[in-house]
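Just so you know, all these numbers are worked out from the coordinates, no wet-lab data involved. As the structure is a prediction and not an experimental result, all values here were calculated from the model. All Cβ positions, glycine included, derive from the backbone under ideal geometry; neighbour counts span all protein chains shown.
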Amino acid sequence: MSKNDNQKPNKLLWILCASYFAFGCILNVVGVVIPIVINQYHLSLFAGGLLAFAFYISFGVFSVPAGMVADRLGAKPVVISGMLFMGIGCGAIPFAAGFKAITVCAFFIGAGVAQLQTAGNPLIGLLDRPEHYHRNLTLTIGFCGIGAFSGPFFLSAIQANGQPWQHIYGWFALLCAILAAFLASANFPAKVDKEAEKVRFADIAKLLKHPVAITYCLAIFFYVGAEVGTASWIVKFFQQVHGLGITRLANVGESLPMHNLPGLPVLTVSLFWGLQGLGRLTSAPGIRKIGARSMLRLYALGSTCCLLLAVFGQTSLTAVGFAACGFFTSVLFTLLFSGAVNTFVEFRGTLSGLLVTASIGGAVIPPLVGLTADHLGIRIAMMVPLLCFLYVLAVSVFGRAKYE
């Protein structure tokens, strides 16, 4: 392989980092958008939670088929298709006539993210030496975290300058179009035929009889549900419990950066995702020092305790609790996922497909939180993600996945 050939995959790695930044912005700003659409279209909290449902149900629909297409045709068409789906969904939101249309757009965006991740995560392993895979995957996921942190700030700046919230999706659509063009022109590595990593429907029945596979698929389901079910309702929690609105009143004479700074509820959502990204980027020394299993237990306990602090604390403690909860969620998905996959010698591709599909917990739990809030109040409703975190904590203590 020539020196030039070695450089091309590295260029693609940076394009993928930018792509993950984009989907981090687009997907995780939904926690700020939900209370806006609830007020704009006079929705119940359950109906508002269906926006998160539309985003995350796409993971269950598209992840396994996208993996099978990538196995057959390679990653390039799937990654580009995912970016185009994201761009179409974002570009349509400013023209959407009502909440139902916005929900359909959200489904398209989620479908794009599912395709991008399903084909992109294994692709990263082909862009450098195998021993650098974890480092490079952490790097790209770190960019996703930066995007998730930045999204609420972008939305706040749009609103502070008197523009409708939908306009941010026009900018997202433009970003997706640019990234799709870069991806289309990039040199992708040749498709590698790895039988052990392929998704096979015939193996699903065998895995569904295995207690470790079932336990950890449920753990992924409840973890993603808890993560999205918490972040999606932070702003509404501040509104109903602490009386803080979405927008912040600017003071006369404020500088431009201060004028665009979001209020505490939106800032807390941003910190939830930002600290999650920071936790992922800084987790390696802790995993090496105390081991993956102990790290999983510590962070599962931390996320549970921080959510309790957020729900029952005063305003400042609520902000600290929600933000810190984001930090402690940082390693839960990757450690649950890697522990489950490491337990099996066979069926790894099929199990990976099942674990990604289990991310539909992010579609189920937020509307359930909204439904509970409609009848019992938002504070009681936050016990739903708390119970999900408790399941993850139980799996971290009693689960039989192999880490060492």
Beyond 20 Å, how much of the Cα-Cα pair distribution for region 295-404 remains, as a whole percent?
48 percent
Helix hunt in the chain: which complete DSSP H runs extend at least 24 Å axially by C-alpha with mean Kyte-Doolittle at least 0.5?
45-73, 75-92, 99-124, 133-160, 167-185, 211-231, 264-281, 292-312
Dipole magnitude (debye, nearest 20) for the chain, charges at Cβ of Lys, Arg, Asp, Glu
600 debye
Cβ-based exposure ranking for ASP71, ASP374, in which fewest neighbours within 10 Å come first
ASP374, ASP71
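In terms of the ratio Rg/(2.2 N^0.38 Å) built on C-alpha atoms, what value belongs to the chain? Before the final figure, lay out the partial values.
Values: Rg = 20.5 Å, N = 404, 2.2 N^0.38 = 21.5 Å.
So the chain has a normalised radius of gyration of 0.95.
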Per residue, how big is the convex hull around the C-alpha atoms of region 1-101? Give it to me in cubic angstrom, could you?
109 Å³
Grab the chain and count how many Lys pairs have their alpha-carbon atoms under 17 Å apart, sequence gap of 8 or more, or different chains.
8
Would you list VAL266, VAL384 from fewest to most Cβ contacts within 10 Å?
VAL384, VAL266
Obtain the nm distance between the two label points defined at VAL397 and VAL320 by a simple spin-label model: each point lies 7 Å from its Cα along the Cα-to-C-beta direction.
2.6 nm
Percentage relative contact order, the chain, counting C-alpha pairs under 8 Å, at least six apart:
26 percent
Looking at PHE312, GLY112, SER330, which one has the Cα that reaches farthest to the positive end of the dipole of the chain (charges on Cβ: Lys, Arg +1; Asp, Glu -1)?
SER330
Viscosity 0.692 mPa s, temperature 37 °C: Stokes-Einstein D of region 257-323 from its Kirkwood Cα radius, in µm² per second?
246 µm²/s
